[in-house]
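Student: Sending over a structure as structure tokens; questions will come in a sec.
The values are calculated or read from the model by the stated rules, or taken from the named source; none is laboratory data. Just so it is clear, the model here is predicted, and its values are computed rather than measured. Every residue, glycine as well, gets a Cβ built from its backbone with ideal geometry; the counts of neighbours run over all protein chains shown. With ligands, DNA and RNA removed, areas are computed over all heavy atoms of the protein, side chains included. Shrake-Rupley method; radii C 1.70, N 1.55, O 1.52, S 1.80 Å.
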Amino acid sequence: MDSESLLLSLELASGSGQGLSPDRRASLLTSLLLVKRDYRYERVLFWGRILGLVADYYIAQGLGEDQLGERKSLYSLNCMEWSLLPPATEEMAAQTAVVKGRFMGDPSHEYEHIEMQRMTEGDRTYEDEVVIQIKEESRLVSVIDQIDKAVAIIPRGALFKTPFGPVHVNRTFEGLTLADSKKLSSYFHFVEPVELKNKSLLEKADLDPSLDFMDSLEHDIPKGSWSIQMERGNALVVLRSLLWPGLTFYHAPRTKNHGYIYVGTGEKNIDLPFML
């Protein structure tokens with residue numbers, strides 16, 4: 001959700017019980033403006049909150065001129081002081097995949113993972129236990145990246161792609177119609193496309209290259225991983241992810257108001273295919 005319309009956005013997303021206390025809201029309103037100024041971001045999004053056992057991580061993201069360019073993530077424990085997180089890497093994702101359970105809420109906390117590694121000593125080869133230390137900060141970066149790639153979404157038309165490549169906010173976007181807002185095909189993943197590149201020219205024939213340049217939600221696997229509900233007398237459409245419980249997307253049809261927020265434990269529902 002955009003930091004400039006934070007109060008309205010939190011109000012629209014509150015149907016899922018994902019609110020913030022008045023002092024946290026006031027702190028975010030002030031501190032996110034300073035983050036935007038100090039880091040010189042084009043836009044700052046309040047991403048959400050990852051619940052920890054000791055403390056919670058409040059996450060914000062900074063976007064540059066290209067909306068699909070590199071996204072910088074920041075975290076705070078008190079909504080006032082923000083720390084920049086390093087970019088996610090495949091090595092980091094592989095290393096933190098072995099960590100299970102809740103976050104502690106302390107970035108310096110280290111998880112211990114015991115791994116069997118093949119050791120060679122002279123002519124003798126044997127397996128020995130090696131203790132690997134994994135920092136919680138690395139796990140935080142990896143989880144944010146996974147959630148972004150899987151369930152960060154945006155309505156069709158909210159962004160447009162110029163012929164030169166960069167993606168910008170569509171200032172003429174006036175919201176989806178009520179009929180379109182009930183269809184998964186009207187929503188896109190807010191990341192660089194993966195499936196779109198594999199489509200044939202025939203499948204791309206009906207697509208508008210300036211608007212349909214991201215992957216649609218209708219082909220998500222497993223099928224049925226999204227819940228669409230109309231609230232407030234059809235004045236608000238809410239999408240909830242069943243794959244990453246805690247992710248809520250909201251959009252008021254025929255208005256510019258849209259966004260998503262994640263409030264959860266940072267754990268993926270790996271049992272979802274067996275629950276559908």
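Student: Here are 75, 57: which of them is modelled with pLDDT of 90 or more, more than 19 Å from residue 192 (Cα to Cα) and open to solvent by 10 Å² or more (accessible area, probe 1.4 Å)?
Tutor: Working: 57 fails: open to solvent by 10 Å² or more (accessible area, probe 1.4 Å).
None of the others qualify; the one that does is 75.
Student: I'd like to know if the range 134-143 contains one or more residues that are in contact with a strand residue (DSSP E or B) (Cβ under 6 Å, 6 or more places away or on another chain), assigned to a strand (DSSP E or B) and open to solvent by 30 Å² or more (accessible area, probe 1.4 Å).
Tutor: Yes, the range 134-143 contains at least one residue that is in contact with a strand residue (DSSP E or B) (Cβ under 6 Å, 6 or more places away or on another chain), assigned to a strand (DSSP E or B) and open to solvent by 30 Å² or more (accessible area, probe 1.4 Å).
Student: So residue 38 passes all but one of these: (1) modelled with pLDDT under 90; (2) in contact with a strand residue (DSSP E or B) (Cβ under 9 Å, 6 or more places away or on another chain). Which condition number does it fail?
Tutor: (2)
Residue-by-condition table, conditions (1) hydrophobic (A, V, I, L, M, F, W, C); (2) open to solvent by less than 10 Å² (accessible area, probe 1.4 Å):
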| residue | (1), (2) |
| --- | --- |
| 237 | yes, yes |
| 245 | no, no |
| 251 | no, yes |
| 270 | yes, no |
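Student: Can you pull out the residues in the range 219-232 that are of a type in the set (D, E, K, R) and open to solvent by 80 Å² or more (accessible area, probe 1.4 Å)?
Tutor: If the condition is that a residue be of a type in the set (D, E, K, R) and open to solvent by 80 Å² or more (accessible area, probe 1.4 Å), then 223, 232 are the ones that fit.
Student: Is there a residue being among the aliphatic types (A, V, I, L, M), within 16 Å of residue 141 (Cβ to Cβ) and open to solvent by less than 50 Å² (accessible area, probe 1.4 Å) anywhere in the range 42-54? Spell out how you get there, then give the answer.
Tutor: Residues of the range 42-54 that are among the aliphatic types (A, V, I, L, M), as a first pass: 44-45, 50-51, 53-54.
From what's left, within 16 Å of residue 141 (Cβ to Cβ): 50.
Filter once more, keeping what is open to solvent by less than 50 Å² (accessible area, probe 1.4 Å): 50.
Yes, the conditions are met somewhere in the range 42-54.
Here's the yes/no breakdown for (1) closer than 20 Å to residue 77 by Cα; (2) surrounded by 12 or more Cβ atoms within 10 Å (Cβ to Cβ); (3) in contact (Cβ under 8 Å) with a residue 60 or more places away in the chain:
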position: 90; (1), (2), (3): no, no, no
position: 96; (1), (2), (3): no, yes, no
position: 99; (1), (2), (3): no, yes, no
position: 105; (1), (2), (3): yes, yes, no
position: 109; (1), (2), (3): yes, yes, no
position: 114; (1), (2), (3): no, no, no
position: 119; (1), (2), (3): no, no, no
position: 126; (1), (2), (3): no, no, no
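Student: How do the pairs read when you match residues in the range 167-184 that are closer than 15 Å to residue 237 by Cβ and among the aromatic types (Phe, Trp, Tyr) with residues anywhere that are open to solvent by less than 30 Å² (accessible area, probe 1.4 Å) and not in a loop (DSSP other than H, G, I, E, B), using Cβ under 7 Å and keeping only pairs 6 or more apart or on different chains?
Tutor: Within 7 Å, no pair qualifies.
Student: Now a separate question. Answer with yes or no whether residue 246 is under 15 Å from residue 14 (Cβ atoms) and in contact with a strand residue (DSSP E or B) (Cβ under 9 Å, 6 or more places away or on another chain).
Tutor: Taking the combined requirement at face value, the residue satisfies it.
Student: Follow-up. Assuming residue 157 fulfils every condition listed in (1) open to solvent by less than 40 Å² (accessible area, probe 1.4 Å); (2) free of Cβ contacts under 8 Å to residues at least 40 places away in the same chain apart from one, which condition is it?
Tutor: Going through the list (1) open to solvent by less than 40 Å² (accessible area, probe 1.4 Å); (2) free of Cβ contacts under 8 Å to residues at least 40 places away in the same chain, residue 157 breaks only (2).
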